[in-house]
Structures are given as C-alpha cells and as structure tokens.
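Derivation of every value follows stated rules applied to the coordinates shown; laboratory data play no part. This is a predicted model, so every value here is computed, not measured. Here the Cβ is made from the backbone with ideal geometry for all residues, glycine too, and neighbour counts use every protein chain on show.
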Amino acid sequence: MSQRINIKRPKTHHVKKNVVKQKGMTFIEVLIALVIMVTGILGAVAMQATAKKGSFDAMQRSLASSLAQDILERMRSNSSDNLNGYAGTYGAAALVAPNPACNTAGVLCTSDQLMATDIYQWTQSLRGADVTSDGNNAGGLVDGRGCITEANNAITITITWQSRVETVDGGGGACGTSNSQRRRLSINAFII
C-alpha cells in the first residue's frame, strides 16, 4: 500500500498580489542618460569650433605663402636692376593706382612702371582689396603686412598677419606690430 503525504499549502487567497511588472525607465535613469548625451554634444561642438579656428589659420598661412610667391615671381619677371625698388613695407595703407596700368592690353610699360603696378596689385591682394563685398575688403590676410628687403640680389620677403589663437613665438619682428597672436612667414631667394 502506498501512503499519501499531504502537504498543506498556506492559503494565499486572502493575500493580495503586489507584484507589478516594471515598464519603461525611471526618471533618474532618464536624467543620467540626458547628462551623458548633452556632455557628448557639447564636446562635439567644442571640437568643431577648434577645428574651424585651425582651418582658418591654415587658410591664412596658405594665402601668405601664395602672396610671397606671387611678389617673388613678379620681381623675377622684371629687370634685376630694379630689385631695390621693390624694397619696403606694404599693406598698412592703400596705394594710389599707378598710371599707366601695366596689366591692360596694348599698354607698353617701362621696368619702373611695371614695378609700380606689381607693388600696387600685390598690396591690394595683401589687404584683400582685390575681393570686395558691399564695398568692404573681403579677401586677404587679417591685418596683413608685407616687407621686402634686398641686398646684392638676395631677397627676403616677410609676410605677417593676425591669427585667432595665441602662440609663444608670435611676433612681427620689423614687419608689422609684434604680439602673441602675430604669425610670420619668410621666404629667402636670390635673383640673378
């Protein structure tokens, strides 16, 4: 004969079931997620601003290099007897347009007139006056200066401009106002 064991179970019909399944997220979890997301977005915005500053400075440096090469090629294409006539500091003030303008078809110019046209056009490019928007200079370097020295056909072209960020070795030297945001590019050449 088999024996039956009766196990009594407690009566649960009078106990209310308080088991509630959780659905969704709690308020604190949402707040933590928002803080993490906002921190990431702010970091991305700060990184974008830094990249934009770096891009602007790189564009200014590229323009300075192009301007230095431009005047050097203009000097090479003119008579080497006139090299000392190119020496000076340019960009602080506008120059008067030379007459005749040697960049017009059918105009014959002397070496001195060509030098005057070269310096005028280069100064206009340095100041950004060759590109205008609503009558204001829109191109060129920020507070750009160009300095040219010549000694026995050895040419030094120095271009300085104002940067957006400071540097420990910033300075204009003899070309432009010296300060911690000043950038300088120098090119040395020898023209025969």
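Label points 7 Å out from Cα along the Cβ direction at residue 138 and residue 48: separation in nm? In this crude label model, residue 138 to residue 48 measures out at 2.4 nm. Compared with the dominant Cα axis of the chain, that is its longest principal axis, helix 111-127 is turned about 20°. A Cβ-based charge dipole, computed about the Cα centre of the chain with Lys and Arg at +1 and Asp and Glu at -1, lands at about 3120 debye. With the charge dipole of the chain set up from +1 on Lys and Arg Cβ and -1 on Asp and Glu Cβ about the Cα centre, the Cα lying farthest toward the positive end among the listed residues 33, 93, 178 is that of 33.
Largest GNM mean-square fluctuation among 67, 34, 108, using the chain with Cα springs under 10 Å: 34. Please name whichever of 111, 187, 50 sits farthest to the positive end of the charge dipole of the chain, dipole taken about the Cα centre and charges placed at Cβ: Lys and Arg +1, Asp and Glu -1. It is 50. Residues considered: 149, 39, 160. Largest GNM mean-square fluctuation over the chain, using C-alpha springs under 10 Å, is found at 39. For the pair residue 113 and residue 92, the difference between a 0.36 nm per residue extended length and the Cα-Cα distance amounts to 5.4 nm. Calculated from the structure at hand, volume of the Cα convex hull per residue in Å³ is found among (i) 332; (ii) 124; (iii) 150 as (i).
Among 77, 125, which comes first, second and so on when ranked by fewest other beta-carbon atoms within 10 Å?
Placing the least packed residue first, the sequence is 77, 125.
Using the rule -39500 (n - 2.57) for each DSSP H run of four or more residues, divided by the residues of the chain, the 222 nm mean residue ellipticity is -13000 deg cm²/dmol.
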